[in-house]
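Everything on this sheet refers to the single structure shown next.
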Amino acid sequence: MRAILFFATAFVLTISSCTTKQSSSTSTAKVDSSVSSADSWALLPFKKIDSVNPVLKPGVGSFIDPILKTAVLWEAKDVFNPAIVNRDGKIFMLYRAQDKTGKPAGTSRIGLAVSNDATHFLTMPKPVFYPDNDAYKKLEWEGGCEDPRVVEDSLGTYYMTYTAYDGTTARLLVATSADLIHWAKHGSVFAHAYNGKYAPKWSKSGSIVSTYINGRVIATKINGKYWMYWGDTQIWSATSDDLIDWTPVEMKSGEQPPVKLRSQALNMPQLKVVLPTRQGKFDSDLVESGPPAMLTDKGILLIYNSRNNRSFGDTTLSDGTYAASQVLFDKNDPTKILKRMNTYFIKPEKPYELSGQVNQVCFVEGLTRFKNSWYLYYGTADSKIAVAFTPAK
């Protein structure tokens, strides 16, 4: 069943808090002064649409949770970190929502909203993806299902990478759908690689290399393989034949990591770091994949998130600031960096970006081309969702 028809006939939609018409009021995100020349390969500049932001806030949706067997206000606490699908001339947003009762910080479920203009969204009253009494409950409960990223294959099947969080360990899982509403879970993306040694380990943020064409984001093979960037300390890569089972790329014999590994990365020292953190910069503390990576004539464009640590990072940014930047990989060797921006292109500066569940956060995750502009959707302070745009070239 087509998703549009499903919305029109099967659900009562509730309008989000932003209902005014979009005006010309925008603000330009922080951009390096050399962007116009040295970073001409990047997708820039983005402007925050102040007249509508935040485009999504916590809601009053309620549903009967299949595990608790009681009504839950599933999006009452926070909404953030959305995936975006452009379909039938509409923008579909799959967003992470938290309730106020789950542990450790509220159970996360994934909701669905739709827009005709990319800035004003109608939300479904019930989540479309959530922990259930199924084979994956032990991975998803009670932290939940977090941070979706969605691509499709050439036949129109949607593939969603998402984080399953049991309250202790985050793990990267995958699900498929034909309509964005009914999803089949397939479990850990690393379940069958190297006898499953990476499946139990901490893993997040799967950004699959794709071609952006006519609004669609279509997973595209490179040298016979699909590629994915993933990770939330350093960024690593993985390959796949079918978009479900993924094999992390390990270092070759004698190869050394480009940075000293910290935190969760210490548990996976064999992995090849393709995008490292940088001392003295905004991305000193961690780097994390953003929207699905974009295959272009110039290379593979990855928009990525970062966190700053002032003690060894950017002293002009607050400690813990999440800002975003861009990097270009070789389209014939997705592990090779060709270009990398020296600074961020978007940072927290608005009240709803500076204060929330986690302060000082702009976390980019959804990207689409819609009516001659690129729209970039991001979580703000892990509490709300905002959008920025740039005219398509």
Virtual spin-label span in nm between THR157 and SER62, 7 Å along Cα→Cβ:
3.8
Multiplying the sequence separation of LYS69 and GLU349 by 0.36 nm and subtracting their Cα-Cα distance, what value in nm do you get?
96.7 nm
Cα shape, the chain, gyration tensor, a/c 1.5 rule
rounded
Residues with amide H under 5 Å of ILE300's amide H, sequence separation 5 or more or different chain, H placed in the peptide plane at 1.01 Å from N; which?
PHE329, ASP330, LYS331
Cβ-Cβ cut-off under 14 Å around VAL174, Lys and Arg +1, Asp and Glu -1: the net charge is -4
For the table LYS69/LYS138; LYS225/LYS336; LYS57/LYS350; LYS204/LYS350, the rows whose alpha-carbon distance is greater than 19 Å are LYS204/LYS350
For region 143-155, in order, what is each residue's ³J(HN,Hα) by Karplus, 6.51 cos²θ - 1.76 cosθ + 1.60 with θ = phi - 60°, in whole Hz (x at glycine and Pro)?
x, x, 10, 10, 6, x, 9, 10, 10, 10, 8, 5, 8
If each DSSP helix of 4+ residues adds -39,500 (n - 2.57) and the sum is divided by the residues in the chain, what number results at 222 nm, nearest 500 deg cm²/dmol?
-1000 deg cm²/dmol
Amide H of ALA170: which non-local residues (sequence gap of 5 or more, or other chain) have their own amide H closer than 5 Å, using H built in the peptide plane?
SER203
Set of lysines with alpha-carbon distance to LYS281 below 18 Å, sequence-local pairs under 8 removed
LYS30, LYS260, LYS339, LYS347
Put +1 on the Cβ of every Lys and Arg and -1 on every Asp and Glu Cβ in region 202-328; which of ILE235, ASN308, ALA265 then has its Cα farthest towards the positive end of the dipole?
ASN308
How far is it, in nm, from the label point at ASN223 to the one at ALA178 when both lie 7 Å from their Cα along the line to the Cβ?
3.6
Taking 0.36 nm per residue of sequence separation and subtracting the Cα-Cα distance, how much length would be gained by fully extending the chain between ARG310 and LYS298, in nm to one decimal?
1.0 nm
Using a Gaussian network model on the chain with a 10 Å cutoff between Cα atoms, which of GLU250, GLU146, GLU365 fluctuates the most?
GLU250
Enumerate by residue number the trypsin sites (Lys or Arg not before Pro) in region 106-146 meeting two conditions: DSSP loop (anything except H, G, I, E, B), and at most 13 other Cβ atoms within 10 Å of the site's Cβ.
none
Using 1/(1 + (r/R0)^6) with R0 = 35 angstrom and r between the beta carbons of LYS252 and LYS138, what's the FRET efficiency to the nearest 0.05?
0.50
Would you list which lysines come within 16 Å of LYS197, measuring only between C-alpha atoms, while excluding same-chain residues fewer than 8 positions from it?
LYS272
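Values in this text are rule-based calculations from the coordinates and carry no lab data. Computed from a predicted structure; not experimentally measured. Using ideal geometry, Cβ is built from the backbone for each residue, glycine included, and neighbour counts are taken over all protein chains shown.
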